[in-house]
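First comes the structure, then the notes that go with it.
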Amino acid sequence: MSKKGILLVGLLIFGLAALAQFTFNWIGLGAEDMRMVDTGHGVSYTFDANPSFHSNNSRFFYFATRTGIRYVPSGGGSGGWQGQEQFNLTRPLMVARGDVVAVGETERSRVIFVYNSVGHMYTVALDHPAWGFSVNAAGYLSVIAQVDGGFHIHVYNRQHSEPFFTRRFYHVDYPMRYPVAAEVSEDGRYLAIAYWNLTGRQTSTEMEFWIIDTQSSRFGTDGLFSGKDLDEAFMVMRFMENNQLLLITDSQITLQSVAGNAVEEVWAEPLNNHLDQLAFYSNSRFAFAAGAPISPGGRDADPLGTVNIFDMNGQTGRFYLGRRATHLSMGHSALIVGADRYFHAVSARGTSLWHHHALHDVRDMIFLDNTDTVLIAGAQRAYVWRRQRVRDRDRQSNAAGDE
């Protein structure tokens, strides 16, 4: 081809490229990126409502306040419900597992309401104030109640608004022993109770394992079949999938397998940092954000803000936030970690999915339909935001921060 022909071909290609670029920019193609956009849906509340939120990988979310509870569709429209029960709570606490939530007072609750995605399941009225309560995904509610001279631990379910299992003990028998947690396995067969033992120079932990399924009570004495003493102070425990109990103390994380009448350790992981934040995904994953080192000097400690991600086989990922974490939540096998107004969505392997800078203070942020849809709760309103492609000319009207 002659030089003139080559020049004409080059000019033609350049012209076509310029035309394509102009066309793409004009109609918005090639000039789009992913941004957080306010969908216009959400819920409002008063500044002192003490709202709490929960969603189980769903386009619906639970919304509880001092006066009641709602089950709200993230996209508006029908399909949700509003609880008929009127709350009169000072500091409401909502605990959740799967599609089941329980709502009561944060301290000394006398009544606890239990719901699932269909609506109200049952209500428990207590004769004595509750120190704490927990619920599992099958609707089993465990309550630690303070009585004169000791404590009662009750277990309820949908068929029993009166306790079908009660563990009683008194300070005259156990002077410096206090129950701090009670958890029921998802199949409703096992109950694990953790106690603080304050008789030594440092707090230690005592565990009890009970069979509360009356069909299986032939093991042990009156259902008690195993115990465990730990030199460390108890912090958190939770029954995970396949009747495995996750136990977190001030020095380690352990996974215990509960089967038949035996309790065996599956794995243990030392803790070198205090935990600033802790979150769970269903009963299959959990993550925690590292705080200050436990030991002086922090020789083996993680950098502040390191997020460690686990499944039931051990650690799957790690994410370095670079500052102290103030928020952590999980959903869709991923997590949201935040520091003040800066938030990151992270995969189970620790890979960043997206980040978002909120323009206002945030009470909470949780996943809804998927990892691109979130509920962002502010001072007096919770907004549904969704990541979507936004053209250049629309960005000025987008209220979301850069990401």
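The values are calculated or read from the model by the stated rules, or taken from the named source; none is laboratory data. All values derive from a computational prediction rather than experimental measurement. As a convention, Cβ positions derive from the backbone with ideal geometry for all residues, glycine included, and neighbour counts pool all protein chains shown.
What the table shows:
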| quantity | calculated |
| --- | --- |
| Boolean, Ala259 is more than 15 Å from the chain's Cα centre (by Cα), exposed (fewer than 14 other Cβ atoms within 10 Å of the Cβ), of a type in the set (A, V, I, L, M) and farther than 28 Å from Ala96 by Cβ | no |
| Identity of the residue in the stretch 299-330, under 20 Å from the mean Cα position of the chain (by Cα) and of a type in the set (A, V, I, L, M), that ends up nearest to Phe367 (Cα to Cα) | Met330 |
| Criterion violated by Leu304 - all others in (1) crowded, with 18+ Cβ neighbours inside 10 Å; (2) over 24 Å from Ile336 (Cα atoms) satisfied | (2) |
| Enumeration of residues in the stretch 127-138 that are over 17 Å from the mean Cα position of the chain (by Cα) and either buried (at least 18 other Cβ atoms within 10 Å of the Cβ) or among the basic types (Lys, Arg) (or both) | Ala130, Trp131, Gly132 |
| The stretch 114-126: number of residues that are of a type outside the set (Ser, Thr, Tyr) and buried (at least 22 other Cβ atoms within 10 Å of the Cβ) | 2 |
| Close pairs (6 angstrom Cβ cut-off, 6 or more residues apart or separate chains): under 19 Å from Tyr281 (Cβ atoms) in the stretch 99-119, outside any strand (DSSP E or B) and of a type in the set (Gly, Ala, Ser) anywhere | Asp99/Ser117; Val100/Ala137; Val100/Gly139 |
| Neighbours by Cβ (under 7 Å, 6+ apart or cross-chain): first from the stretch 83-95, more than 19 Å from Ala181 (Cβ to Cβ) and in contact (Cβ under 8 Å) with a residue 12 or more places away in the chain; second among the acidic types (Asp, Glu) and assigned to a loop (DSSP other than H, G, I, E, B) | Arg91/Glu107 |
| Flag for Asp231 being over 21 Å from Met94 (Cα atoms), touching a Gly at 6+ places or on another chain (Cβ under 7 Å) and touching a residue at least 24 places away in the same chain (Cβ under 8 Å) | no |
| Yes/no for Thr249 being without any contact (Cβ under 8 Å) to a residue 40 or more places away in the chain, in contact with an Asp or Glu (Cβ under 7 Å, 6 or more places away or on another chain) and surrounded by 15 or more Cβ atoms within 10 Å (Cβ to Cβ) | no |
| Out of Arg158, Arg108, sole residue that is surrounded by fewer than 16 Cβ atoms within 10 Å (Cβ to Cβ), at pLDDT 95 or above and more than 17 Å from the chain's Cα centre (by Cα) | Arg108 |
| Count of the stretch 219-241 residues which are surrounded by 15 or more Cβ atoms within 10 Å (Cβ to Cβ), of a type outside the set (Phe, Trp, Tyr) and within 28 Å of the chain's Cα centre (by Cα) | 9 |
| Within the stretch 249-345, strands (runs of 3 or more DSSP E) holding 3 or more residues that are of a type in the set (Val, Ile, Thr), more than 22 Å from Ser185 (Cβ to Cβ) and modelled with pLDDT of 95 or more | 306-311 |
| Any hit, the stretch 104-113, residues being part of a loop (DSSP other than H, G, I, E, B) and among the β-branched types (Val, Ile, Thr) | yes |
